[in-house]
């Protein structure tokens, strides 16, 4: 969504160092770089996953700074990222023998174990680093938290995130992990109390207000979430993520006009992605502004041509206008990108149904219930189709199958009653009618909509009256 900045774009000196190193490579000569610059160059290439360049810098660094253990640590990290576990750990053991009390050695060792997904060993290494460190312990607590989170131990992860933020309330990466951890552990109150304590110490820390809004959103307290985002934006009115999350909350709360306003304000400070365009399209769709909805769905597709739900969204707007052929084109495009979506097959079946194409509609509805048997609407629509074509025997069999997935669904029960009456299976019909009335008497008029002749059927009326007060 936001344009990534290269790691040196905000640091002219380091940017020049990168250019200087690239020039040295082209000219096949040698320039001098100090230790810190070379370490930063290695980090840059590792971040870019350019392992060959990182390896080249590391080897060059060791040739001109042979006594610096920092480059052996980077070499070990590089080896781990390349999957060379034994060599990475051997390099670390070499450094550990030289610097047994250097916490950075154990931090890197923990990082390597984390890269290798040996998280128990990573935690042990980080704890060793913690025992040796005199300062900047916040980042070590953070790394321990990440390791516990990777193991699925969200409570211990959260405990370490709390220690990290106690040591450094401004650790932004940690606050965002608190939100994720609270969601997994379903401990929103703990996270909310933690971030509120940070805000109490620094009420103008807009990042904390933003993450507080995230937690309230995930907890389902939209009113408090919106207030938190408001405070965030009062402090920093150019912070696009707060506008975007606020827009999402408005959308979930069916405040579509407010959602549109928040999204469009966000666009002043960030470039929208396909998902954001799609959400705007959904807002306009809910407001029945079909042209505007199609416009934003098209923008979503332009940004991501494989976004099935955007293709489908356009199809829905044409369905609403009863422009069945146009709707079918876009729904089929959605299915090209996601043919396991029962809702899409249902919508395509509805279009074919409206156009009188029975075999095609039958096929679409069949696929809909096959890929998504939990969608009640698909079973009902399919039974409507069969009934309209006087295939009531099939409709009964279909809904009996449907009840296996939707036990107790009263509309299915009453439809079976009506279809049984229409095919003349009166005894089974009356038995099913009595059973349906005992489940939900108030919905029984469904049978008269499908089989009006039942209105004047003496036995039907006797059973309905007999079950009226049960």
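None of the figures in this text is laboratory data; all of them are computed from the coordinates on show. Computed from a prediction, not measured in an experiment: that's the story for all the values here. Reconstructed Cβ throughout: ideal geometry from the backbone, glycine too, with neighbour counts over all protein chains shown.
Peptides 170-182, 309-321, 330-342 ranked from most to least packed give 309-321, 170-182, 330-342, packing being the mean of other C-beta atoms within 10 angstrom over each peptide's residues.
Sorted largest first, the principal axis extents computed over the alpha-carbon atoms of segment 217-346 equal 50, 26, 26 Å.
Within the set (i) 24.0, 79; (ii) 31.7, 103; (iii) 21.0, 66, the number that Rg and Dmax of the Cα atoms in Å takes when calculated for this structure is listed as (ii).
Using Cα atoms only, what is the angle between the long axis of helix 342-354 and the major principal axis of the chain, expressed in degrees (0 to 90) to the nearest 10? So the helix axis and the longest Cα principal axis differ by about 40 degrees. Where does the chain land at 222 nm, in deg cm²/dmol rounded to the nearest 500, when only DSSP H runs of n ≥ 4 count, each adding -39500 (n - 2.57), divided by all residues? Only helices count here, giving -24000 deg cm²/dmol. Here the peptides 442-454, 346-358 are ranked by packing, the mean other Cβ count within 10 Å, and the order with the highest first is 346-358, 442-454. Give me the angle, in degrees from 0 to 90, between the Cα long axis of helix 358-371 and the longest principal axis of the Cα atoms of the chain, rounded to the nearest 10. Between helix and principal axis, roughly 50 degrees. Approximating the spin labels as points 7 Å out from Cα along Cα→Cβ, the residue 101-to-residue 306 distance works out to 5.5 nm.
Exposure proxy for 329, 231: other Cβ atoms within 10 Å of each Cβ, ordered fewest to most, give 329, 231. Once C-alpha pairs closer than 8 Å and six or more residues apart are averaged by separation and normalised to the residue number of the chain, the relative contact order reads 5 percent. Mean separation of Cα pairs under 8 Å and 6 or more residues apart, divided by the residue count, gives segment 272-372 a relative contact order of 19 percent.
Would segment 399-441 count as rounded, prolate or oblate if I go by the C-alpha gyration tensor, calling it rounded below 1.5 in a/c and otherwise prolate when a/b exceeds b/c, oblate otherwise? Because a/c hits 1.5 or more and a/b fails to exceed b/c, segment 399-441 counts as oblate.
Once the Cα atoms are used to define both axes, helix 12-27 deviates from the longest principal axis of the chain by about 80 degrees.
Under 1.5 on a/c is rounded, so check that first for segment 397-470, then, if it is not, pick prolate when a/b is larger than b/c and oblate when it is not; a ≥ b ≥ c are the square roots of the alpha carbon gyration tensor eigenvalues. Oblate. Sorted on the mean count of surrounding Cβ atoms within 10 Å across their residues, most packed first, peptides 66-76, 408-418 read 408-418, 66-76.
Dividing the C-alpha radius of gyration of segment 272-372 by 2.2 N^0.38 Å, with N its residue count, gives 1.04. Extension gain for residue 93-residue 339 works out to 83.3 nm (0.36 nm per residue, less the C-alpha to C-alpha distance). Entry note, segment 327-420: relative contact order of 20 percent, from Cα contacts under 8 Å with a spacing of 6+ residues. Using only Cα atoms, locate the centre of segment 440-468 and the centre of segment 341-394, then give the distance between them in Å, rounded to an integer. Using only Cα atoms, the two centres lie 26 Å from each other.
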